[in-house]
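The values are calculated or read from the model by the stated rules, or taken from the named source; none is laboratory data. These figures come from a predicted structure and were not determined experimentally. Cβ coordinates were reconstructed from backbone atoms using ideal geometry, including for glycine residues, and neighbour counts include every protein chain displayed.
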Amino acid sequence: MTQTPSALDGLDPLLNAPKRLAIMAVLAASTTTDFAFLREHLGVSDSDLSKQAAALEAAGYLTITKSGRGRGSVTAYKATKLGRRSYQQHRATLRGLLHD
Amino acid sequence: MESNSHGESVRAQLDEMERGELAPWVTLPPTPAWWAVAFGVWAAGFALVVGLLEGAAQSFAQLALVLVLFGAIVWDRRRRGTYPAGRPPREFTWAVVRMLLGAAAVAGVAWLVGEQVSVWVAAAIAGVGTWAVVARYEHEYAAIAARLRERLR
């Protein structure tokens, strides 16, 4: 038995979480983005941001690089091709749903 | 009723996406006043290098100026905590076009003066012109970014 395609097929369950969606929205429009910028934009705690970013990294949606040591250290996030593609597909599906 | 709340949820997600996509473009600390001046000094230096030096000396000096430009981009990226990628939001289009036209005009006039009058006068024109173009662009950019931040609040 074959399943008929649904209008919801393009929605990514990982991106249904608002914080993860917001992270991917920023990364989709930037080359790289630092931890502090994302934390301010989302208005979340350090641990919450780390947890959400780790989930996206585990899915292969972003890469995390750390440079420097101590107070001057910087953690930077960059969307992968897979992450960008999934994000764009998620957005296109949402737009489609809105216009249906 | 159910479809209304469904529609609102979809719209809320799209709004969050728009807010996130604009953030790298509109969330930035004020640009220091010396930024435009530094671009002017850089442009004057470039005009002098092209007009006065030749051969390997010119190549090395040009390379050094390009490296300075890369250094400025790296510094700016670190300062902002992010760096926008892709096409700028349409609200910035005319500011970018005006900046590019202004830069082209300054380059054209400086080149003409360098050929006809003096390399030093051309360097002065390149420096002051670039300073003015960059300062105006930064001013316009900051105003547009502030309007967009207000809209997205």
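Do the conditions hold for B:LEU63, that is, is it among the aliphatic types (A, V, I, L, M), more than 13 Å from the chain's Cα centre (by Cα), assigned to a helix (DSSP H, G or I) and within 14 Å of chain A (Cβ to nearest Cβ)?
No.
Every condition in (1) surrounded by 16 or more Cβ atoms within 10 Å (Cβ to Cβ); (2) in contact with a helix residue (DSSP H, G or I) (Cβ under 6 Å, 6 or more places away or on another chain); (3) away from chain A (no Cβ under 14 Å) is met by B:LEU148 except one, and the failing one is (3). From the set of residues in the range B:66-92 that are in contact (Cβ under 8 Å) with a residue 40 or more places away in the chain and part of a loop (DSSP other than H, G, I, E, B), which is nearest to the chain's Cα centre (by Cα)? The extreme case among them is B:PRO88.
Could you tell me how many of the residues in the range A:7-26 are hydrophobic (A, V, I, L, M, F, W, C) and touching a residue at least 60 places away in the same chain (Cβ under 8 Å)?
So the first thing to find is which residues in the range A:7-26 are hydrophobic (A, V, I, L, M, F, W, C), and the list is A:7-8, A:11, A:14-15, A:17, A:21-26.
Next, only the ones that are touching a residue at least 60 places away in the same chain (Cβ under 8 Å) stay: A:7-8, A:11, A:14-15, A:21, A:24-25.
Total satisfying the criteria: 8.
For the range A:17-29, give me each residue that is facing another protein chain (nearest Cβ under 8 Å) and outside any loop (DSSP other than H, G, I, E, B). A:PRO18, A:LEU21, A:ALA22, A:ILE23, A:MET24, A:ALA25, A:VAL26, A:ALA28 - these are the residues of the range A:17-29 that are facing another protein chain (nearest Cβ under 8 Å) and outside any loop (DSSP other than H, G, I, E, B). The sole residue among A:THR32, A:THR63, A:THR75 that is part of a strand (DSSP E or B), under 20 Å from B:GLY81 (Cα atoms) and away from chain B (no Cβ under 13 Å) is A:THR63. I'm told B:ARG79 meets every condition in (1) away from every other protein chain (no Cβ under 14 Å); (2) closer than 20 Å to B:ALA143 by Cα; (3) at pLDDT below 95; (4) out of contact with any helix residue (DSSP H, G or I) (no Cβ under 8 Å at 6 or more places or on another chain) except one. Can you identify the failing condition by its number? Result: B:ARG79 passes all but (1).
Looking only at the range B:10-64, residues that are surrounded by 13 or more Cβ atoms within 10 Å (Cβ to Cβ), hydroxyl-bearing (Ser, Thr, Tyr) and more than 20 Å from B:TRP75 (Cβ to Cβ) come to 0 in all. Residues that are among the charged types (D, E, K, R), over 13 Å from A:ALA25 (Cα atoms) and touching a residue at least 12 places away in the same chain (Cβ under 8 Å) within the range A:51-100 comprise just one, A:ASP100. When the test is whether a residue is surrounded by 14 or more Cβ atoms within 10 Å (Cβ to Cβ), in contact (Cβ under 8 Å) with a residue 60 or more places away in the chain, under 30 Å from B:GLU16 (Cβ atoms) and of a type in the set (Asp, Glu), B:GLU138 passes it. A single entry from B:VAL49, B:VAL37 fulfils the requirement of being part of a helix (DSSP H, G or I), more than 14 Å from every other protein chain (Cβ to nearest Cβ), free of Cβ contacts under 8 Å to residues at least 24 places away in the same chain and over 19 Å from B:VAL96 (Cβ atoms): B:VAL49. Take the residues in the range A:57-75 that are at pLDDT 95 or above and among the aliphatic types (A, V, I, L, M); name whichever of them is surrounded by the most Cβ atoms within 10 Å (Cβ to Cβ). The extreme case among them is A:LEU62. Among the residues making up the range A:35-58, those that are more than 7 Å from chain B (Cβ to nearest Cβ), among the small types (Gly, Ala, Ser) and either closer than 17 Å to A:THR75 by Cβ or touching a helix residue (DSSP H, G or I) at 6+ places or on another chain (Cβ under 6 Å) (or both) are A:SER45, A:SER47, A:SER50, A:ALA53, A:ALA54, A:ALA55, A:ALA58.
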